[in-house]
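Before any comments, here is the structure.
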Amino acid sequence: MAYFADVVREVRDMVHPGRYLRLWSGVKVGKEYVDSVEEIVQIVYDHLYDKLITLIEKDPAFKNLGNTAN
C-alpha cells in the first residue's frame, strides 16, 4: 500500500513547477499512468469517507460538532 501512496504523492507534487522540472522534465506521463493514479485516489477517498461517516454515526460528539445553539 505504501507504494501506491508514493505514486499519488509524486503526482500531487507535479503541480509544483520547480519539483516538476527537477523530477519529471522530459518525461511523458501517459493516460494509463494518470488513470491508475486517479483510481488509487478514488479508492483512498472512498475508504476515508466511509471511515469518517462511521465515526460520525458512532460518536455523538461529532453529531453535535458545529451545533453552537444551546
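Details
- The residue that is farthest from the chain's Cα centre (by Cα), among those in the stretch 45-70 that are aliphatic (A, V, I, L, M) and at pLDDT below 70, is A69.
- Residue check for L23: among the aliphatic types (A, V, I, L, M), at pLDDT below 80 and closer than 18 Å to R12 by Cα: yes
- Search result, residues across the stretch 10-34 that are among the charged types (D, E, K, R), within 20 Å of the chain's Cα centre (by Cα) and either surrounded by 10 or more Cβ atoms within 10 Å (Cβ to Cβ) or not in a helix (DSSP H, G or I) (or both): E10, R12, D13, R19
The values are calculated or read from the model by the stated rules, or taken from the named source; none is laboratory data. In this text the structure is predicted, and so the values were computed from the model without any measurement. Neighbour counts are summed over all protein chains in view; Cβ atoms, including those assigned to glycine, are modelled from backbone coordinates with ideal geometry.
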